[in-house]
1. Which aspartates and glutamates, on any chain, are close to A:Lys98 with Cα under 13 Å apart, when same-chain ones fewer than 8 places away are left out?
2. Amide H to amide H, which residues 5 or more places from B:Gly144 or on other chains are under 5 Å from it, using H placed in the peptide plane?
3. Compute for chain A: radius of gyration divided by Kirkwood radius, i.e. Rg/Rh, restricted to C-alpha atoms, rounded to two decimals.
4. With axes computed from alpha carbons, what is the tilt in degrees of helix B:100-113 against the longest principal axis of chain B, rounded to the nearest 10 within 0 to 90?
5. What are the ³J(HN,Hα) values, in whole Hz, obtained from phi via the Karplus relation 6.51 cos²θ - 1.76 cosθ + 1.60 with θ = phi - 60°, for each residue of the stretch B:32-42 in sequence order, with x given for Gly and Pro?
6. Ranked highest first by average number of other Cβ atoms within 10 Å, how do A:212-224, A:349-361, A:80-92 line up?
7. If you line up the Cα atoms of the stretch A:98-226 on their principal axes, what length do they span on each, largest first, in Å?
8. If each of A:Ala130 and B:Arg111 carries a label point 7 Å out from its Cα toward its Cβ, how far apart are those two points in nm?
Amino acid sequence: MKLYEYSAKQIFKKEGIPIPEGYMVKSSEEAGKAAQKLGRAVAIKSQVLVGGRGKAGGIKFADNSEDAQQVAQKLLSSHIKGEKVARLLVEEKANIQKEFYVSVALDRTSKKPLIMASAEGGVEIEELAANSPEKIVKYHVNPLDEFLPYEGREIARKMGVGSALISAVGGIIWKLFQVFSHYDAQLAEINPLVVTDKGVIAADAKLELDDDSIYRHKELMDLEEYQSEEFAFVKLDGDIAVIGNGAGLTLSGMDMIKLSGGEPATFLDIGGGSSEEVIKKALNLVIDHPPVKVIFLNVLGGITRADDVARGVITALAEAERKVPLVIRLTGTNEEEGQLLLKEAGISFETSMEDAAKKAVEICNSL
Amino acid sequence: MIILDKNTKCLVQGITGKQGSFHTEQMLNYNTNIVAGVTPGRGGQTFGPLNVYDSIEEVKEEMDVNASIIFVPAPFAKDAAFESIKHLDLVVIITEHIPVQDSMQIMEYARQQGVTVVGPNTPGIISPGVGKLGIMPTHIFQEGNVGLVSRSGTLTYEFAHQISRAGMGQSTCVGIGGDPVVGLDFATVLQKFENDPGTESIVMIGEIGGNAEERAAEYIQDNISKPVFAYISGTTAPPGKRMGHAGAIIEGTSGTASSKIEALESAGVQVAQKPSQIVDMINKSK
């Protein structure tokens, strides 16, 4: 689960990381009021979950309440990389003297949390990493050990931070690691971490949490960002719905559709061990997606049983409100039983993924 | 064959649960050497021909055992994994949805103890003719000399099926697991296949995300002499919406299907566009 900046900042604040004073708003009037309350120049920041917001024009500044209202109106009617802007964060505009970069991320290769920090923060950090990797301090934390504040200060010293700021910056690095570990994060990032006349503060905040750990953070289920998802479901631009059991097989099904000249309309992974009920829900989900002209259901059962799939298909088709042609590839555990059920119901099926994908594209082209 | 062989004596953690009991029966039917079950609080019960114990320590006092397969639910999987890492040499974690910070701790402990972990979130491992520690449907596998290693469960089945139907078989199939943090990686499995006299060629199935395939390509270039064939799923997937910068800094441009295919091809690996091409590729290499 990715958090909006304002939610991430609330968590940072709770863990003791200084943040700018600010308010999350959903209308231009509220934005004006927030600017008035702050009583000084403000930054107005679009709250979206896509990256590259600043470069895409999602952050503006305003000198007073009236300005703020106008700027907010424009931002609230805009999209950033396809994501509609529905929330803004109105914050005091920081008087920036210097920008640092700090993050804690999951490093798949070493299988450890990786802290990265640089005295040259800001939007060009990825270019810096590519061109001057020596300017980024990297520090792996042993997942079985405690991470202590002195380690944060050592990282700060390696960044080139002097004595006057070493406790503040080192302390924030330590606290950011606490956020990462207490909240089961996959990424906790501050870019930029800014030095102002009032101290060191997190001007931005990115926090991505591990969906699999949400059961031990029940309070996070109240966040606006939280969605309980039964399927991995992504809508795409094409007209052939692709459903499969397992991410790899579903991705492969999409690739086969494309290789046969078609365009996938969905990626829907029903996962392992799907019941009749789950198949029904998945089919209804894509039938309800208007651009879908043909459905390609690709099942090679392992824990998923082909007879359960067949039963789900039969009831879903009988109850469907919109008739959409369905191409089924059904093999694997209990395939004889599943295929027999389909035959008896007069539903045809394929046993090869590639043949089935080709057929789905042919049907789609003939419509 | 690799990892799972005639010397593997395995216990089942979570044997009395729904998944654990169903798949223990399947593993026994496939003649796998399963020697005991463990469920805390159920010591003294039996499961088919097996005794159930409260702890691994107890099993070890009574018999020879060196491996475990874990079916316990995600919230308790870390505890189960640490217990087996302490006492055994091989741990297969079938459980999915384990918090990734738990997985990092499991892998660090396994590294310290010198224990092999397969998974989590894996269909497991099968050496046709010897047994399976996993949940895969057995009828699509048969004895042979193709080594198969995959990140995806169902694509393992897809390729094993194609290979078996063509009259070839598999030495061992290893699902390394679909999670961001897993135990065995491609490179280690490739090395084991390279050293295995029963394996003549290797099929490696990857997917988009992370840089495991790129690292494997690097390893193959310098260390693998047997023919390797690969398939990468997700060529047509739209680029993921990456959030912060940290991922990009760690992984650079890797992660996309084209980055992986390019890396593998430049390491001399033939990459199939479709699963059905793999069999032809293997035949031509002979």
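1. Reachable aspartates and glutamates: A:Glu120, A:Asp197.
2. So B:Gly144 has HN proximity to B:Gln170, B:Ser171.
3. Numbers: Rg = 25.5 Å, Rh = 23.6 Å.
Rounded to two decimals, Rg/Rh equals 1.08.
4. Approximately 80 degrees, to the nearest 10.
5. Per residue, the Karplus-derived 3J(HN,Hα) values read 6, 7, 8, 10, 6, x, 10, 9, x, x, 10 Hz.
6. On the way: A:212-224: 13.7, A:349-361: 21.2, A:80-92: 18.6.
My ranking of the peptides, most packed first, is A:349-361, A:80-92, A:212-224.
7. Projected onto its principal axes, the Cα set of the stretch A:98-226 covers 41, 33, 29 Å.
8. Reported label-point gap for A:Ala130 and B:Arg111 is 2.9 nm.
Bear in mind that the values in this text are calculations on the coordinates, not laboratory data. All figures in this text were calculated on a predicted structure; none of them were measured in a lab. When we count neighbours, we look across all protein chains shown, and the Cβ atoms used for this are built from the backbone with ideal geometry, even at glycine.
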